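Written out below as C-alpha cells is the structure these notes cover.
Nothing in this text is a laboratory measurement; each read-out follows from the coordinates by a stated rule. Bear in mind that the values here come from a model prediction, so they are computed numbers and not experimental data. No Cβ is skipped: glycine too gets one built from the backbone with ideal geometry, and neighbour counts run over all protein chains shown.
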Amino acid sequence: RGIKTGDRVLVYNQFGEVEITAYVSSKLLPGTVSIGHGEWSKFDNVRKSKLMPYGIDTAGNCNLLIGDTHLPHIVGALLTAGLVEIRKVG
C-alpha cells in the first residue's frame, strides 16, 4: 500500500496504537506484520486518541496491541497476538 522501508507507520487495533519505523521484507508472508520486542513505552503526550488517552506509543511496544485474554498465557514471548491495521504516518 505504498509503505516502504524507513516510513513511519501507525500499527493499531482495538487494544492500542504504536508508531514504528517500517522495514519491508520479502521474508514475511504477504499481509503479515512482525514487530520486534520494541522498547519501554514512550507516550507522545501531544498526539492522543480515545484509545490511547496518555498518548500514542512511539517506541513500538507490541504489548500494547494484545488484549487481556492473552495475559495468562504469556511466558517470555507471545508469538501470535492477533490482527492489526497499518497506515503511513504523515
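What the table below lists for this structure:
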read-out: Proximal aspartates and glutamates relative to K50, as straight alpha-carbon distance under 20 Å, when same-chain residues fewer than 8 apart are discounted; value: E17, E19, D68, E85
read-out: Sorted peptide list for 50-58, 12-20, 82-90, 26-34, criterion being average Cβ within 10 angstrom, highest first; value: 12-20, 50-58, 82-90, 26-34
read-out: Under 20 Å from K48, Cα to Cα: lysines that are on another chain or at least 8 residues apart; value: K88
read-out: Cβ-based net charge around F43, under 11 Å, with every Lys or Arg adding one and every Asp or Glu removing one; value: -1
